[in-house]
1. Residue by residue through the range 65-70, what is 3J(HN,Hα) from phi via Karplus (6.51 cos²θ - 1.76 cosθ + 1.60, θ = phi - 60°)? Round to whole Hz and write x for glycine and proline.
2. So if I place +1 on the C-beta of Lys and Arg and -1 on the C-beta of Asp and Glu, and nothing else carries charge, what would the dipole magnitude of the range 50-104 be about its Cα centre? I want it in debye, nearest 20.
3. Can you work out the Karplus-derived ³J(HN,Hα) for every residue in the range 79-84? Use 6.51 cos²θ - 1.76 cosθ + 1.60 with θ = phi - 60°, whole Hz, and x for glycine or proline.
4. Is the range 50-104 rounded, prolate or oblate when judged by the Cα gyration tensor, a ≥ b ≥ c being the square roots of its eigenvalues, rounded requiring a/c under 1.5 and prolate requiring a/b larger than b/c?
5. Mind checking which aspartates and glutamates have their Cα closer than 15 Å to the Cα of Lys73? Skip sequence neighbours fewer than 8 apart in that chain.
6. Report the calculated FRET efficiency for Lys84 and Ala114 (r = Cβ-Cβ distance, R0 = 30 Å), to the nearest 0.05.
Amino acid sequence: MVPSAFASHVHHSPTSGQSSTGSKSTSGTHKLSQSKRGSRRVRGQQAIEPERVTQIQQALIREHYFAGDADGKWDTTTVAAMQKYQADHGWQTKLMPDSRALEKLGLGPDYSGAINAKEANFSSPGPTSSIAPDQTAGFVEASGVHQ
């Protein structure tokens, strides 16, 4: 005989609104506990600072997408102008604003305050002819593309 501590118990889910103890269930779905419901974390940027909105509006005015004043308000006119700009460039228009659009408008990240920015060189790389031939040969060989 098997001791009761080792006896198996089969749990059957309720099929007619009855719980396994026989009392009526108030709903067939599980509810989140109070602590879980109140702790949803909002992610991502929630608002655009008025100074940044003004910059975006000024860039859209320069590109002939926005005809109003750059007042720093992210209103429906500004949103529509940004959506039109992004659509004309083949980018998404539902999330605002697209990082590619900001870069194209000249509003990309500013690295001037970065560590060692004073000594850094943010200019374009030199011409391909300035690369040592043996370095180029090493890259070509490593890539598996032979000329």
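1. Running phi through 6.51 cos²θ - 1.76 cosθ + 1.60 with θ = phi - 60° gives 10, 10, 9, x, 8, 7 Hz.
2. That gives the range 50-104 a dipole magnitude of about 160 debye.
3. Per residue, the Karplus-derived 3J(HN,Hα) values read 4, 4, 5, 5, 4, 5 Hz.
4. In terms of gyration-tensor shape, prolate.
5. Straight-distance partners of Lys73: Glu49, Glu51.
6. Efficiency, rounded to the nearest 0.05: 0.35.
Every number here is computed from the coordinates shown, using simple stated rules; none is lab data. Since this is a predicted model, take the numbers as computed values, not measurements. Note that we place each Cβ from the backbone using ideal geometry, even for glycine, and neighbour counts take in every protein chain shown.
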